[in-house]
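Here's the structure we're looking at; comments come further down.
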Amino acid sequence: MTTFSKRLKQARTAAGISQERLGIDAGLEPASASARMNQYEKGVHSPGESTAKQIADTLGLPLAWFYCEDEETAYLLQCFHSLKGKERKKAIEMVERLALGG
């Protein structure tokens, strides 16, 4: 399994939706949506960038989350993605201070 396939299954099951529903909502042809999502989750095939982006958008996650190799980075991306406007700027400033030892 690839990092993408593991995270895809994790996000889909957390959302409580079927492979078919996710595929259709992400814009795949209804006739092949379930089979294609199954292949993506098993790592048999990988979606192209635009399809991966549609899947991420459908699940409300940033595309980069699907490629994070460690849980901490994935969690930070997920949290940051949920922030808006000024909250994002504050989060960046806080992380910069921590990273620079201030």
So the compactness index of the chain, its C-alpha Rg divided by 2.2 N^0.38 Å, takes the value 1.22
Residue 57 accessible area, nearest 10 Å², 1.4 Å probe? 90
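Within the chain, what whole-number % of the accessible surface is contributed by carbon and sulfur, with the 1.4 Å probe and all protein chains included in the calculation?
Numbers: 3640 of 6690 Å².
The C+S portion of the solvent-accessible surface of the chain is 54 percent.
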Only helical DSSP H runs with n ≥ 4 go in: add -39500 (n - 2.57) per run for the chain, normalise by residue count and round the 222 nm mean residue ellipticity to 500 deg cm²/dmol. -20500 deg cm²/dmol
Lys pairs, the chain - Cα-Cα below 29 angstrom, 8 or more residues apart or on other chains: 11
Result for the range 31-102: accessible area per residue, probe 1.4 angstrom, in square angstrom, of 70
Please give, to one decimal in nm, the separation of the simple spin-label points placed at residue 3 and residue 63, each 7 Å out from Cα toward the Cβ. 1.5
In the chain, taking the dipole from +1 charges on Lys and Arg beta carbons and -1 charges on Asp and Glu beta carbons about the Cα centre, the listed residue (78, 3, 51) farthest towards the positive end is 78
What are the ³J(HN,Hα) couplings of the range 79-86, residue after residue, when phi is run through the Karplus curve with 6.51, -1.76, 1.60 and θ = phi - 60°? Round to Hz, x for glycine and proline. 5, 4, 4, 7, 7, 10, x, 5
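The values are calculated or read from the model by the stated rules, or taken from the named source; none is laboratory data. Just so you know, these numbers come straight off a predicted model, no measurement behind them. Counting neighbours? That spans all protein chains shown, and the Cβs are built from the backbone with ideal geometry, glycine included. In case anyone asks, the SASA skips ligands and DNA or RNA and just uses the protein heavy atoms, side chains included. Shrake-Rupley method; radii C 1.70, N 1.55, O 1.52, S 1.80 Å.
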